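Participant: Handing you a structure now.
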Amino acid sequence: MEGIAMLPEFRGEYSGVVALEKIPEVMAALKSEGFTYLVDITGVDNQGEDPRFEVVYELCDLSKKKHLRIKTMVAEGDPVPSVSAIWRTADWHEREIWDMLGIRFSGHPDLRRILMWEGYPHHPLRKDFPLAGLPTEMPDIAFTAKAPLEGGPFVTSSATLAQDREPRAHPAEEMNL
């Protein structure tokens, strides 16, 4: 198909790269060719590379049992054209990518946070986001009291456990490097 630079087939999987500005045109054509199921859209932070981000679309043609992965590269601050007019399910995926990575989608009908609260100034899945988190003002509507099951059999303090296990959370000298 025109507009897709196909990558070499790998283990029976097919992937292609599309220029950012061609996304709506190519995606509409793919849907009309049978890729009617948008399985997922994800964002990848390639910190240190230029462009920094990529957006990956997982498509499926259910009648022919074919799967196709489409990637587009996105520079910091560049918006990605929304495909929510082509697949309604893209709405949630694009909102999650905006919320977690800060990649904006132009033409999206309701681009607002989906996991973090409105006004949260950070994007937690960026590679430069510290594992211990960043201090922020919690809105008054947030639940700030102790959880009712605190100390229960299934409740753990994941923050301290993650910091203990995560090598990036410890200075190099502590790890004998």
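Participant: Assuming R0 = 30 Å, can you tell me the calculated FRET efficiency for the pair Ala28 and Leu131, based on Cβ-Cβ distance, to the nearest 0.05?
Facilitator: 0.15
Participant: Could you compute the net charge surrounding Glu49? Neighbours are other residues with a C-beta less than 11 Å from the C-beta of Glu49; K and R count +1, D and E count -1.
Facilitator: Within the 11 Å Cβ shell, the charges total -2.
Participant: Another question, if that's okay. Could you give the dipole magnitude of region 4-130 about its Cα centre, charging the beta-carbon of Lys and Arg +1 and that of Asp and Glu -1, in debye to the nearest 20?
Facilitator: 340 debye
Participant: Ok, one more. Can you give the FRET efficiency for Ile114 and Ala19, using 1/(1 + (r/R0)^6), R0 = 35 Å, r = Cβ-Cβ distance, to the nearest 0.05?
Facilitator: 0.80
Participant: Then there is this: How big is the charge dipole of region 42-112 about its Cα centre, in debye rounded to the nearest 20, if each Lys and Arg gets +1 on its Cβ and each Asp and Glu gets -1 on its Cβ?
Facilitator: 460 debye
Participant: Using the beta-carbon distance between Lys65 and Ala85 and R0 = 30 Å, what value does 1/(1 + (r/R0)^6) give for FRET efficiency, to the nearest 0.05?
Facilitator: The calculated FRET efficiency here is 0.70.
Participant: If you take every DSSP beta bridge fully contained in region 4-130, what fraction is antiparallel? Give it as a percent rounded to 5.
Facilitator: Within region 4-130, antiparallel bridges account for around 80 percent of the total.
Participant: Hey, any idea what Rg/Rh is for region 1-78, computing Rh the Kirkwood way over Cα pairs?
Facilitator: Value, to two decimals: 0.98.
Participant: Counting other beta carbons within 10 Å of each Cβ, put His67, His108 in order, fewest first.
Facilitator: His67, His108
Participant: Taking every pair of alpha-carbon atoms in region 4-130, what share in percent sits in each 10 Å bin, from 0 to the bin with the longest distance?
Facilitator: Distribution as computed: 13, 44, 33, 10, 1 percent.
Taken together, the values in this text are just the output of simple stated rules run on the coordinates, not laboratory data. Just so we're clear, the structure is a prediction, and the values are computed from it rather than from any experiment. We place every Cβ from the backbone using ideal geometry, glycine too, and count neighbours over all the protein chains shown.
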